[in-house]
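To start, I am sharing the structure in question, which I have written as structure tokens.
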Amino acid sequence: MSRRDRLSGNEAVAYAMRQINPDVFAAFPITPSTEIPQYFAQYVADGQVDTEFVTVESEHSSMSTCIGAEAAGVRAVTATSSCGLAYMYEMLYVAASARLPITLACVNRALTGPININNDHSDSMGARDAGWIQIYSENNQEAYDNYLQAMRIAETPDVRLPIMICQDGFITSHAVENIELEDDQAVKAFVGEYEPENYLLKHENPLAVGPYDTSPYYMEHKVQQAQAMKNAKTAILDVAADFARTFGRTYGFFEEYRMEDAEAAIVLIGSTAGTAKTCVDQMRAAGHKVGLIKLRVFRPFPAEELAAALSHVKAAAVMDKSEGFSGCGGPVFADTRSACYDLKERPRLINIVYGLGGRDCAVEDLERVYQYLLRIARTGEEGPVYLHMGQRSLDKEVL
């Protein structure tokens, strides 16, 4: 039976970890994820979990520890942010290529430099092609719920990939919200036990983990890894369906908000969705047909499903909270534009990079975006496709 409480996003993730009781937690502190191992360390000290809590000297070492633990056949978790995730970069690829279902709580923070401790998505987006499943949270409830679903997704036999559960640093990680917490035994039953088929300590079936992969084999292994990411789509929906039956809260690849007859839409990730929903409601009350798609799953990217959701829209803005430095837009825009390419009737798409280093995005900012999209829908005149919003400049902003 669920109960109501008030927790920050970091507390919610640590609480979910306690309920799951992982075998190994390797930790090195970095703002704003530091509280997660801090809260969990108290659970360890109080004897509420059986977890081996390993305090390491760096984030590279924390991921290395998780790799060793998972390879040995146990559940391993960690938490990090920003440069901590970047310091793990080499080992992220090792974990994914070795098909080790590690669970990482990523509290999104701007990636240096210049140094900045506030929220954007440049850290996890920098690791978007490392082979990790990536799921993002709008609020504290979603951070908790996504974490409860993470291990079952990652450990699905035809998936077996590491998974990253992301939330916005400080905005959700440190803000306290009302939240539904599930019963410990119900969570344990839902998550289940980890029973890997093969592992290093299985004496009857010796194996190597992470050996040198010569050219006659490397590509085959990468194709298997790519297929596993495709298989993750089915696993995500299957686990979400069971989560809905068990706990009553529904999740998919993304959330469509007032999209049924929308002429203009915004596509974005994370906590800004709450602000966007308020803006949509206000504009709907004024008679404007606008909607929102909040992406929850970024890897694997739900290309076909997203294209179908946008197929009836005349104009859409994809909002990236990270800069891709491609010269033509951010990473969410690139994938969304590609997804819509094969549509017979494509919406006019623009990209807006916003919120870098924690720059605020208010309801009135999003209203300007919607008004811009409605002009595009009405006149057919697109103007610049790749825009930045909210920066100080002598030039007049387009929006």
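Has region 370-378 got any residue that is within 21 Å of GLY270 (Cα to Cα) and either surrounded by fewer than 17 Cβ atoms within 10 Å (Cβ to Cβ) or of a type in the set (Gly, Ala, Ser) (or both)?
No, region 370-378 contains no residue that is within 21 Å of GLY270 (Cα to Cα) and either surrounded by fewer than 17 Cβ atoms within 10 Å (Cβ to Cβ) or of a type in the set (Gly, Ala, Ser) (or both).
Scan region 246-271 residue by residue and report those that are part of a strand (DSSP E or B) and under 15 Å from ALA307 (Cα atoms). Step through it out loud before you land on a result.
Going residue by residue through region 246-271, those that are part of a strand (DSSP E or B) are 254-257, 264-269.
Selection gives PHE254, GLU255, GLU256, ALA264, ALA265, ILE266, VAL267, LEU268.
Further, regarding this structure: Just one of the numbered conditions (1) surrounded by fewer than 20 Cβ atoms within 10 Å (Cβ to Cβ); (2) at negative phi; (3) at pLDDT 95 or above; (4) not in a helix (DSSP H, G or I) is not true of PHE25; which one?
Against the list (1) surrounded by fewer than 20 Cβ atoms within 10 Å (Cβ to Cβ); (2) at negative phi; (3) at pLDDT 95 or above; (4) not in a helix (DSSP H, G or I), PHE25 comes up short only on (1).
Filter region 298-311 for residues that are without any contact (Cβ under 8 Å) to a residue 40 or more places away in the chain and either of a type in the set (A, V, I, L, M) or surrounded by fewer than 16 Cβ atoms within 10 Å (Cβ to Cβ) (or both) and give the result.
Step one: list which residues in region 298-311 are without any contact (Cβ under 8 Å) to a residue 40 or more places away in the chain, which gives 301, 303-304, 307-308, 311.
Across region 298-311, the qualifying residues are ALA303, GLU304, ALA307, ALA308, SER311.
Condition check ((1) without any contact (Cβ under 8 Å) to a residue 60 or more places away in the chain; (2) of a type outside the set (Gly, Ala, Ser); (3) surrounded by fewer than 19 Cβ atoms within 10 Å (Cβ to Cβ)) across all residues:
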{"site": "ALA241", "(1), (2), (3)": "yes, no, yes"}
{"site": "ALA244", "(1), (2), (3)": "yes, no, yes"}
{"site": "ARG249", "(1), (2), (3)": "no, yes, yes"}
{"site": "GLY270", "(1), (2), (3)": "no, no, no"}
{"site": "GLY274", "(1), (2), (3)": "no, no, yes"}
{"site": "CYS279", "(1), (2), (3)": "no, yes, no"}
{"site": "ARG284", "(1), (2), (3)": "yes, yes, yes"}
{"site": "GLY291", "(1), (2), (3)": "yes, no, no"}
{"site": "ARG296", "(1), (2), (3)": "no, yes, no"}
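Can you spot a residue in region 57-80 that is basic (Lys, Arg), at pLDDT 95 or above and either part of a strand (DSSP E or B) or crowded, with 24+ Cβ neighbours inside 10 Å (or both)?
Applying the first criterion (basic (Lys, Arg)) to region 57-80 yields 75.
When the remaining residues are screened for being at pLDDT 95 or above, the result is 75.
Cutting the leftovers down to either part of a strand (DSSP E or B) or crowded, with 24+ Cβ neighbours inside 10 Å (or both) gives us 75.
Yes: one or more hits.
Of everything in region 171-203, what is under 30 Å from ALA98 (Cα atoms) and either outside the structural domain of GLU142 (by TED's automatic domain parsing) or of a type in the set (D, E, K, R) (or both)? Give them in sequence order.
Answer for region 171-203, where residues must be under 30 Å from ALA98 (Cα atoms) and either outside the structural domain of GLU142 (by TED's automatic domain parsing) or of a type in the set (D, E, K, R) (or both): LYS188, GLU193, GLU195, GLU197, LYS202.
If a residue counts only when it is touching a helix residue (DSSP H, G or I) at 6+ places or on another chain (Cβ under 6 Å) and closer than 30 Å to GLY390 by Cβ, which helices (runs of 4 or more DSSP H) contained entirely in region 84-202 have at least 2 such residues?
Numbers: elements: 89-97, 122-126, 140-154, 184-191.
In region 84-202, the matching helices (runs of 4 or more DSSP H) lie at 122-126, 140-154.
Hey, LYS222 hits all of (1) charged (D, E, K, R); (2) assigned to a helix (DSSP H, G or I); (3) under 26 Å from VAL107 (Cα atoms) but one; which does it fall short on?
Looking at each condition in turn, LYS222 falls short on (3).
Can I ask one more? What are the pairs with Cβ atoms under 7 angstrom where one residue, in region 64-84, is more than 21 Å from TYR144 (Cβ to Cβ) and the other, located anywhere, is charged (D, E, K, R) and crowded, with 24+ Cβ neighbours inside 10 Å? Sequence gap at least six, or different chains.
Partner pairs satisfying both residue conditions: SER82/ARG109; SER82/ASP123; GLY84/GLU59.
Another one. For the subset of region 85-107 comprising residues that are without any contact (Cβ under 8 Å) to a residue 60 or more places away in the chain and surrounded by 23 or more Cβ atoms within 10 Å (Cβ to Cβ), which member is nearest to ALA208 (Cα to Cα)? Spell out the reasoning first.
The first filter runs over region 85-107 and keeps only residues without any contact (Cβ under 8 Å) to a residue 60 or more places away in the chain, leaving 85-91, 93.
Checking which are surrounded by 23 or more Cβ atoms within 10 Å (Cβ to Cβ) leaves us with 85, 88.
Numbers: LEU85: 26, MET88: 22 Å.
The extreme case among them is MET88.
Further, regarding this structure: Considering region 365-399 alone, what residues qualify as being of a type in the set (Lys, Arg), modelled with pLDDT of 85 or more and in a loop (DSSP other than H, G, I, E, B)? Walk me through it before giving the result.
In the first step, residues of region 365-399 are kept if they are of a type in the set (Lys, Arg); the result is 368, 375, 378, 392, 396.
In the following step, the residues that additionally are modelled with pLDDT of 85 or more were identified as 368, 375, 378, 392.
Residue satisfying the conditions is ARG392 alone.
Tally the residues that are among the charged types (D, E, K, R) and within 17 Å of GLU260 (Cβ to Cβ), restricting the search to region 276-320.
Looking only at region 276-320, we keep the residues that are among the charged types (D, E, K, R), and these are 277, 281, 284, 289, 294, 296, 299, 304-305, 314, 320.
Okay, now just the ones that are also within 17 Å of GLU260 (Cβ to Cβ), so 277, 281, 284, 289, 294, 305, 314.
Going through region 276-320 one residue at a time, the tally reaches 7.
Right, something else. Under 9 Å between Cβ atoms, which residue pairs at least 6 apart in sequence (or on different chains) link something in region 12-24 that is in the same structural domain as MET63 (by TED's automatic domain parsing) with a partner that is of a type in the set (Phe, Trp, Tyr) and in a loop (DSSP other than H, G, I, E, B)?
PRO22/TYR194; ASP23/TYR194
From the residues in region 313-360 that are in a loop (DSSP other than H, G, I, E, B) and touching a strand residue (DSSP E or B) at 6+ places or on another chain (Cβ under 6 Å), which one is surrounded by the fewest Cβ atoms within 10 Å (Cβ to Cβ)?
Narrowing region 313-360 to residues in a loop (DSSP other than H, G, I, E, B): 313-314, 321-330, 341-347, 355, 359-360.
With touching a strand residue (DSSP E or B) at 6+ places or on another chain (Cβ under 6 Å) added as a condition, the list becomes 313, 323, 328-330, 347.
Details: VAL313: 26, GLU323: 16, CYS328: 11, GLY329: 22, GLY330: 26, PRO347: 23.
Of everything passing the filter in region 313-360, CYS328 is surrounded by the fewest Cβ atoms within 10 Å (Cβ to Cβ).
Then there is this: I need every pair where a residue in region 184-210 that is of a type in the set (Asp, Glu) has its Cβ under 8 Å from the Cβ of a residue that is surrounded by 13 or more Cβ atoms within 10 Å (Cβ to Cβ), sequence separation at least 6 or different chains.
What qualifies is ASP184/GLN19.
The values are calculated or read from the model by the stated rules, or taken from the named source; none is laboratory data. All values reported here derive from a predicted model rather than from experimental measurement. All Cβ positions, even for glycine, are placed from backbone atoms using ideal geometry, and neighbour counts span all protein chains on display.
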